[in-house]
1. Test Met116 against the criterion of being open to solvent by less than 70 Å² (accessible area, probe 1.4 Å) and without any contact (Cβ under 8 Å) to a residue 24 or more places away in the chain, and give yes or no.
2. Scan the strands (runs of 3 or more DSSP E) fully inside the stretch 431-504 and keep the ones with 2 or more residues being touching a residue at least 40 places away in the same chain (Cβ under 8 Å) and closer than 16 Å to Arg293 by Cα.
3. Given the conditions (1) under 14 Å from Ala158 (Cα atoms); (2) more than 35 Å from the chain's Cα centre (by Cα), which single one is not true for Ala48?
4. Is it the case, given these coordinates, that Val412 is open to solvent by less than 30 Å² (accessible area, probe 1.4 Å), under 27 Å from the mean Cα position of the chain (by Cα) and closer than 17 Å to Phe314 by Cβ?
5. Name every residue in the stretch 68-113 that is open to solvent by 60 Å² or more (accessible area, probe 1.4 Å), of a type in the set (S, T, N, Q) and assigned to a helix (DSSP H, G or I), in order of residue number.
6. Within the stretch 236-244, does at least one residue satisfy the condition of being at pLDDT 95 or above, in contact with a Ser or Thr (Cβ under 9 Å, 6 or more places away or on another chain), open to solvent by 50 Å² or more (accessible area, probe 1.4 Å) and not basic (Lys, Arg)?
7. Residues of the stretch 328-353 being assigned to a helix (DSSP H, G or I), open to solvent by less than 20 Å² (accessible area, probe 1.4 Å) and not aliphatic (A, V, I, L, M), which ones?
8. Residue by residue through the stretch 418-443, note down the ones that are hydrophobic (A, V, I, L, M, F, W, C) and open to solvent by less than 20 Å² (accessible area, probe 1.4 Å).
Amino acid sequence: MPVFFRRPISIVLFVLAAFALVALASGARAQVSPFTQALAQDAARDDAVAGFYKDRGYTEFWTGADAADRRAALFSVLAQASDQGLPVGRYDPEALMQAFRAAQTEGDRGRLEVAMSLALLDYARDVQTGILVPAKIDPTIVRDIAVRDRRGNLDAFATSDPLIFLHKLPPQAPEYAMLAKAKIGLETAVAAGGWGATIAAQKLEPGQDGPAVIALRDRMIAMGYLSASATATYDEALRRAVESFQTAHGLDADGVAGAGTLAEINIGPQARLQSVIVALERMRWINFDLGKRHIWVNQTDFTAKIVDDGKVTFSTRSVIGRQDFDRRTPEFSDLMEYMVVNPTWSVPRSITVKEYLPLMQRNPNAAGHLKLIDRSGRVVSRASVNFGAYTAKNFPYAMRQPPSDGNALGLVKFMFPNKWNIYLHDTPSKSLFANEIRAFSHGCVRLADPFDFAYALLGPQSADPKAEFQSHLRTKSESVIRLAEPVPVHLVYFTAFPTARGEMTYRRDIYGRDAAIFAALKAAGVVVADVQG
C-alpha cells in the first residue's frame, strides 16, 4: 500500500461518538460495522476525506458494485501518470489493484476506500498545480500557486463523469499536450541509444567533408532536422538543417556549426528529456487563465511577447537580470496597469549603497548624472556631503535620475506594481541586444523595441496609438498612460517549449533553476530514462 500523509486522528473519537449517540437516541443495539470503523479511522488522516465520507453517511464510494466506472477511470489515469512526468509511485496503482484482489474483510474494504480517495487527491493536486512548491526550490521563483480545494475535487469527481473529470485536471493549454508528446518521443530516442556519436570538432562549415561532417549529418538526421542522406559533404541541405537547429535552440542562425552550436548539438536526448519534464511541471504551476491578451516574457529566450487569442501578435528581444543570485529576474505573474513616459529613475536602495556609494567615496563627483536626494525630497550638493562618513547601513540619501535620453530606464517603463520592484522598460544601452545571451540588468526586463511595444499595448484603446504616445514623449516631462484594460504579464522560465506547430525549442538553463527543479522532481519520485547517449 502507498504511504500517505497522516493527520491527527482525534476525529475518530468524534465519529465513533456520533454513531454511539445515534444508537442511544434510537434505542438501537446495533454496533458500528467493521467497514465503517475502518473507513472512519483511516479517513481521519485527511480532513477532506473524513468530511466527504461523513457527509455521505460512510457509504462505499470505490468498493461497491456500482463503482466500477470510477475505479477504471482512476486506474487508467494513474497507470499513465508517468507520461506527464508525475511520480507514479506516489499513487502506486499496482499496489491498489493488488489490495483489491487481496481484500477479504469489511475492514479491508474500508481501508481501500480511503486509499483510493487519497490516491485521487494526490494525483489531482500534482497534475493540476504541480508536485513541488517552487519557492522552496529557488527563492527567486516567487510564483503564487493556486492549489485547488481538496474537498472540492472529491465532491466534483463524485458528481461528474469520472473519466471526463480526470481528463480535465491537467493544464488544457495545447502546449502541455505537446510537451507530453515530446517526452514520449525523447524516451524512445533514449531507449534506442540516443542520437548517435557526438561530434569531435571545434567548427564545421559549408564545403567541408570528413568524419566529423558525417557525424554532424547523422545527428541532424536522428534529431529530425535533416532527411536521410548519404552525403559526406557539408552541403546546402546540411547547412539548412543546422540553421533550423540553431533557430530552435536560440542560437545565431548562420548555418555554421561553431563551438556554441556544436555544444548544443552534442546534448543528448536524456538531457532534453529532463528539460521537458521540468517544463511540464512549470506548466502545472501556471494552470490558470493566462488572459485572452497577455504578455509572455520567457527569460531563457530573452524575448517579450504580446499574445492575443493564443497567437503572438508582437515580439521583441529583451535583456534580463544578471546571473548573480541577487540580480536574477524573478518568476511571477501580475497585471500591467500603466506605462510611464519620460520616467524618472529612482535608484533602488541596494544599488545606491552597494554600487554608487563606494564610487562616491573615492570620487564625490562619480555618477554625476544622478542627483542626491535627502529625506525631505530636496536635491543635495555633493560638495556638502562627507561620503566617507557613511556606510551602506546609515547612508541617509537617495539617488534619482531625471527624465532624459540617457536615463537608465530609457524613455518609457511599463508598470505592473509588485513588491520586487520589477518592470519592463526602455534602455539607452542598445548594443546589449546584439548578444546571444542577454543577462545584464539588475533584475528588470529591458526591451529592444519599447516604443513599438507601447503602440501594440495601446492599440485596443486608441485610434492612433503612435500619435498618443509621441504626444506624451514630446513633453519631455514624466507622464502616465493607463491601460484601459490591465494586461496579465507572465515572467516565465522555460528551457523547453513547443512552437504553435508542436516543434520543440530548447534554451540554456542560464540561472540553473531547471537543474534544481529536476533534482527536486527526481527526489519526489519522478522516474527518468537512463542516459544512453
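The values are calculated or read from the model by the stated rules, or taken from the named source; none is laboratory data. Computed from a prediction, not measured in an experiment: that's the story for all the values here. Don't worry about glycine lacking a Cβ; one is built from the backbone with ideal geometry, like all the others, and counts go over all protein chains shown. The protein model used for the area step is the full one, side chains on, heavy atoms only, and it has no ligands, DNA or RNA in it. Shrake-Rupley method; radii C 1.70, N 1.55, O 1.52, S 1.80 Å.
1. Numbers: open to solvent by less than 70 Å² (accessible area, probe 1.4 Å): yes; without any contact (Cβ under 8 Å) to a residue 24 or more places away in the chain: no.
When the stated conditions are applied, Met116 does not pass them.
2. On the way: elements: 439-441, 445-447, 479-492, 496-498.
By residue number, 479-492.
3. (2)
4. no
5. Gln98 - this is the single residue of the stretch 68-113 that is open to solvent by 60 Å² or more (accessible area, probe 1.4 Å), of a type in the set (S, T, N, Q) and assigned to a helix (DSSP H, G or I).
6. no
7. Thr352
8. To start, the set of residues in the stretch 418-443 that are hydrophobic (A, V, I, L, M, F, W, C) comprises 420, 422, 424, 432-434, 437, 439-440.
Ile422, Leu424, Phe433, Ala439, listed by residue number.
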